[in-house]
Structure formats: structure tokens, C-alpha cells
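Everything below concerns the one structure shown next.
The values are calculated or read from the model by the stated rules, or taken from the named source; none is laboratory data. Remember, it's a predicted structure, so these values are computed and weren't measured experimentally.
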Amino acid sequence: MTMRILMAVALISAGFLAPVLGFQTAAVFPVSWVEHVDHRNHVLTFKTEDGQVRMMRVADRVAMRREGLRQGDLVSIEVDLDDQIVNIVKVDRRAESDRPTSRRK
């Protein structure tokens with residue numbers, strides 16, 4: 001009887017945790033500059049610290065509008081295993097001046 005209760009509790013808790021663990025971060029671009037924001041198609045084009053230009057879909061459609069992204073903004077970007085942006089955070093410009101290696105190329 002107690003084994004059935006434990007199994008039921010384990011299965012129920014696994015069902016609640018699954019949506020929380022919905023994505024795994026595959027890559028983080030801690031210093032990137034926004035090149036273009038396509039609100040219609042939910043695509044962000046950005047330049048990484050090493051000069052690579054990347055174009056990726058934003059998984060959370062609200063994040064683009066919430067952050068108010070514009071060309072030239074300094075951001076930190078997390079990408080999941082499906083090459084979708086799952087987190088965008090604007091970086092404070094004062095933090096950029098503290099980093100000698102973060103100059104835009």
C-alpha cells in the first residue's frame with residue numbers, strides 16, 4: 001500500500017516538474033550586440049563578442065517586446081538545443097566600459 005502511494009506521489013511530482021525543465025541551455029553569448037529585430041517573425045540577429053553574426057528565432061515571443069530591443073543594444077543571450085533564444089537580458093552599458101575585451105568590432 002505505501003509503495004503505491006510513493007509511486008503515485010513520484011509520478012505526480014514528475015508531471016509538475018516536467019514543464020519547469022522545458023529547455024536546456026546549449027550556449028550562452030554573454031556579450032552580444034543586437035543587429036536587427038524582426039518582431040513579425042520573432043527573429044533576432046546579433047553579433048557576438050568574437051564578431052560572428054547570428055540569426056535565431058526567439059522561443060519566448062514576449063521577451064523581445066518586454067526587453068524593448070533595438071539595434072546596437074548590448075545583450076546577454078541564452079540559446080537552447082534547438083537553436084532558439086530562450087533568454088535575453090540587456091546588459092548595462094557601464095558594465096561594458098569595465099571590460100577591456102568587450103569592444104565592438
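For the range 56-69, a residue qualifies if it is among the acidic types (Asp, Glu) and closer than 16 Å to residue 91 by Cα, and exactly one does: 67. Residue count for the range 3-55 satisfying the condition of being over 18 Å from residue 88 (Cα atoms) and either at pLDDT 75 or above or among the small types (Gly, Ala, Ser) (or both): 8.
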